[in-house]
1. So, in segment 157-182, of the ones that are without any contact (Cβ under 8 Å) to a residue 24 or more places away in the chain and under 17 Å from the mean Cα position of the chain (by Cα), which residue ends up farthest from K205 (Cα to Cα)?
2. Name the residues in segment 5-28 that are at pLDDT 55 or above and in a helix (DSSP H, G or I), would you?
3. Within segment 113-148, work out how many residues are within 17 Å of the chain's Cα centre (by Cα), modelled with pLDDT under 90 and farther than 19 Å from L93 by Cα.
4. Which ones in segment 119-138 are without any contact (Cβ under 8 Å) to a residue 60 or more places away in the chain and among the acidic types (D, E)?
5. Tell me, please, whether a residue that is farther than 20 Å from Y203 by Cβ, over 18 Å from the mean Cα position of the chain (by Cα) and among the hydroxyl-bearing types (S, T, Y) can be found in segment 73-93.
6. Can you find a residue in segment 238-250 that is touching an Asp or Glu at 6+ places or on another chain (Cβ under 8 Å), modelled with pLDDT of 70 or more and surrounded by 15 or more Cβ atoms within 10 Å (Cβ to Cβ)?
Amino acid sequence: MREIKRLVVILFGFFMAIGGQFTLAHTRYVKVVIVGDYSEGKTGLYYRIRDDIFTGDDGGQEFLYFQNGFKDLSIKIWDTPGLKNYFNDIAGLLSNSNFVLICIDVVAPFNKARREYFNKIYENSKAKLADNGKIVLVGTKGDFSTKFMMDYSENFNMVKNISFVNNSDFFVTSSYKGTFELYDCNGMLIKSGGRELISEYIYEKSQFMPLLEYDKNLHDNKFEGLFKRKNLEEMLEAKSAEARQARYERDEAIKKEKEGLRICEVT
């Protein structure tokens, strides 16, 4: 028994020494959906959170998702297309979301069509959130200084004003630079950092949500009358896998083509 206690103490010390990041089981599940109009920076945000890279790619017609763990939380993040003909699928995916991240390009002119789509997705998100779920605005493509945006970006100030009315925090991000800034509803900077800021925020706010215990196979069945949504998510997961495979094959083909060009240049 004494040897067992000693072993436990040693393992605990080792766990704390490395930051305590790998032994906590993911016992709770949170669903995050990234939405917004076409070309609002959704896919750039998705890949920055997922892989900490900037691809420059447009998600186009793809639904993408990934799942990772943060402390005891299993976080599933969806990227959605902005094309209008996918709206019904997006609306179905929003059901029982814990967090909806609505992306708004803080640089491009916010014309009538963008404003109408924003209002539509915002109202749908409010109607379909899980209990105590949160809508968080994310100002994307914030490659300029914060002072520049506060002084000159109408969209930045719009994000700030909407967040103030709804008493909600908001983010300003640059997927190109990999920077994330979290602001309170008054537009005061709370914290800045890298992609981990999103996971930290989700973890902190999820403490006040009645989350389900994590069980991937049973999760969707715990909601009443959502068999169709379960089928929708399974279909979109399959499409996501196909999209990832197609993207991988395309990238490999580009690499081989570039390698072939290098060989030709050398010879």
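The values are calculated or read from the model by the stated rules, or taken from the named source; none is laboratory data. The shown structure was predicted, so the numbers you read here are calculated from the model rather than taken from an experiment. Glycine gets a Cβ as well: all are built from the backbone with ideal geometry, and neighbour counts include every protein chain shown.
1. F180
2. Residues of segment 5-28 at pLDDT 55 or above: 6, 25-28.
Within segment 5-28, R6 is the sole residue that qualifies.
3. Of the residues in that region, 2 qualify.
4. Hit for segment 119-138 is E123, nothing else.
5. Yes, segment 73-93 contains a residue that is farther than 20 Å from Y203 by Cβ, over 18 Å from the mean Cα position of the chain (by Cα) and among the hydroxyl-bearing types (S, T, Y).
6. For segment 238-250, residues touching an Asp or Glu at 6+ places or on another chain (Cβ under 8 Å), modelled with pLDDT of 70 or more and surrounded by 15 or more Cβ atoms within 10 Å (Cβ to Cβ): absent.
Here's the yes/no breakdown for (1) hydroxyl-bearing (S, T, Y); (2) out of contact with any helix residue (DSSP H, G or I) (no Cβ under 8 Å at 6 or more places or on another chain); (3) closer than 30 Å to F208 by Cβ; (4) without any contact (Cβ under 8 Å) to a residue 24 or more places away in the chain:
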| position | (1), (2), (3), (4) |
| --- | --- |
| G69 | no, yes, yes, no |
| I77 | no, no, yes, no |
| T80 | yes, no, yes, no |
| N85 | no, yes, no, yes |
| I90 | no, no, yes, no |
| S97 | yes, no, yes, no |
| I102 | no, no, yes, no |
| A108 | no, no, no, no |
| R115 | no, yes, no, yes |
